[in-house]
Amino acid sequence: MYNAGTMTIYVDVSAAAHRRAGLGRYAENLTRALVPRLTHKLALFYNREKGVTLPPGLEHLPSRTVARSYKSWRMLVWFGQLAHIPFNHLMPDAALFHATEHLLVPLKNVPTVLTVHDLIFRYLPEHHKPLNRWYLNWTMPLYCRRADHIIAVSEATRRDIINAYQIPPEKISVIYEAADPRFEPQLRTVVDAMRARYHLPEQYLLYVGTIEPRKNLVRLLKVWEPLYQAHEVPPLVIAGHRGWLSDDFFAALENSPMRDGVFLTGYFQETDLPALYSGATAMVFPSLYEGFGLPPLEAMACSTPVLCSNVSSLPEVVEDAALMFDPTDDDAITQALRRVVRDDALRATLKEEGLCQAARFSWGRAAQETKRVYEQVLSTCRITS
């Protein structure tokens, strides 16, 4: 029988330590929520490159690290899995290891849980760098087979895993992400101060996320330009850092006749994001594929009307609380933009329903469901060992 007090569950928080956008938020928020709920000892594991630090609030937790560059560590983990070389010396007291990004450390006689966020590299291969696509196509099937249990962040991702790798459905649990509690409607004074800091207009349409091809921003820009030129919609604010294969978007922006109506904030300060959402006329998310889709949920938590794609995981995240469109249909996006700007009653409805929808998701619930997965895996491994 296991003694919960002597067991150490390790959570890989490398993505949080490296501040890697959505993956980092997932690792950070889930870990915070797990701390008061686990009866087992919780410890952190992360890849410690030069200058990397844990997010505030996690630094007090016990941790173990490996000092490797990101790329070399990924290759080493893959080699270890292929050669069946265990890395138990990195976590000698581990009772369970949770890989929160697509990297499963090889461990002997230690059960593992793997979170899969998406299979973009497989379903939209043209939107991934060739080397990264090659790596993930080799490693992800292996990691999914080797993990004792898989957490998918949406039903859409669960279906993708089953269809792509023929993983037994009972091996995969769906546990939704959530907006951080700080995402809530902000006072007008807070919004005005944020706009002044970033030199933003009084009214604006907003996109939040990485600038990369699958986010469909070239199409959004093309659709928005004639509407803005005709004074039908406000300026467009794009908040996010430059991702891979983004040259087409920046070339389109440079050549846009409406360039002065587009505001690029770069990577936005996390503390200012609630005010950025709260100040927007609407948040537009035309993505071609998401594993979950956190920005629409964050916007709804701030009582901001949301327009988003009707593909992959997004319908199950926003349900009827957003105005959805086909992200490959210019006319559909045009009509959605016109409608949300013109229709005051629609915006009011989307604000109200969005708040209710966002409240259905919480990191506390995610942590409780993750805890149950840990207990299930530990119990199963104890019985079969």
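Every number in this text was worked out from the coordinates using simple rules, so none of it is lab data. Note that the structure is a prediction, hence the values are computed from the model and not measured. In this analysis, Cβ positions are derived from the backbone assuming ideal geometry, glycine residues included, and neighbour counts consider all displayed protein chains.
How do Phe121, Phe79 line up, fewest other C-beta atoms within 10 Å first? Mind dumping the intermediate values first?
Values: Phe121 18, Phe79 11.
Going from sparsest to densest Cβ surroundings: Phe79, Phe121.
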Placed amide H near Phe45: partners under 5 Å, 5+ positions off or other chain: Val11, Asp12, Val13, Arg64
Rounded to whole Hz, the Karplus (6.51, -1.76, 1.60) HN-Hα couplings of the stretch 98-107, x for glycine and proline: 10, 8, 8, 10, 7, 8, 9, 5, x, 9
Residues Asp320, Asp118 arranged by fewest to most Cβ contacts within 10 Å: Asp320, Asp118
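Relative contact order for the stretch 188-358 using alpha-carbon pairs under 8 Å, separation at least 6, rounded to a whole percent? Could you put the intermediate results ahead of the total?
Details: 310 pairs, mean separation 39.0, N = 171.
With pairs under 8 Å counted, the relative contact order is 23 percent.
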Between the stretch 77-144 and the stretch 284-355, the Cα center-to-center distance that results, in Å: 33
Amide hydrogen neighbours beyond the local backbone of Cys308, cut-off 5 Å, H modeled: Phe285, Leu323, Met324, Phe325
Set Lys50/Lys71; Lys129/Lys215; Lys41/Lys171; Lys50/Lys108 screened for pairs whose C-alpha atoms are more than 18 Å apart: Lys41/Lys171; Lys50/Lys108
Lys/Arg +1, Asp/Glu -1 at C-beta; the stretch 188-358 dipole; positive extreme among Leu264, Thr334, Val218: Leu264
Sorted by Cβ density within 10 Å, fewest first, the residues Thr65, Thr31: Thr65, Thr31
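In nm², what is the average projected area of the convex hull enclosing the Cα atoms of the chain? Walk me through the intermediate numbers first.
Values: hull surface 75.7 nm².
With the hull built on Cα positions only, its mean projection is 18.9 nm².
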Among Leu206, Ser362, Leu103 - extreme Cα towards positive end, dipole of the chain, charges at beta-carbon: Leu103
Residue of Asp192, Asp343, Asp331 that the Gaussian network model of the chain assigns the largest fluctuation, springs spanning Cα pairs under 10 Å: Asp343
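Can you give the helix-only mean residue ellipticity at 222 nm for the chain, where every DSSP H stretch with n ≥ 4 adds -39500 (n - 2.57) and the sum goes over all residues, rounded to the nearest 500 deg cm²/dmol?
Details: 15 runs with 165 residues, N = 385.
Roughly -13000 deg cm²/dmol at 222 nm, from the helical runs in the chain.
Counting alpha carbon pairs within less than 8 Å and at least 6 residues apart, what relative contact order, in whole percent, applies to the chain? It would help to have the intermediate numbers written out before the result.
Details: 706 pairs, mean separation 58.8, N = 385.
15 percent.
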Given charges at beta-carbon only (K, R positive; D, E negative), |dipole| of the chain in Debye: 1500
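With a/c under 1.5 counting as rounded, go ahead and sort the stretch 198-289 into rounded, prolate or oblate using the C-alpha gyration tensor (a ≥ b ≥ c being the square roots of the eigenvalues; past the cut-off, prolate if a/b is larger than b/c, else oblate). The partial results should precede the final answer.
Numbers: a/c = 1.57, a/b = 1.05, b/c = 1.49.
Judged from the Cα gyration tensor, the stretch 198-289 comes out oblate (a/c at least 1.5, b/c at or above a/b).
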Tilt relative to the chain, helix 70-83 - C-alpha long axis, 0 to 90 degrees, to 10: 40
Per-residue ³J(HN,Hα) for the stretch 39-49, Karplus 6.51 cos²θ - 1.76 cosθ + 1.60, θ = phi - 60°, Hz, x for Gly and Pro: 8, 7, 5, 10, 9, 9, 10, 7, 7, 9, 7
Crossing angle, helix 344-358 versus the chain [Cα axis fit, 0-90 degrees, rounded to tens]: 10
Amide H contacts of Val174 (H built 1.01 Å from N, under 5 Å, at least 5 apart or other chain): Ala152
Theoretical gain in end-to-end length, His84 to Leu131 [0.36 nm per residue, Cα-Cα removed]: 14.6 nm
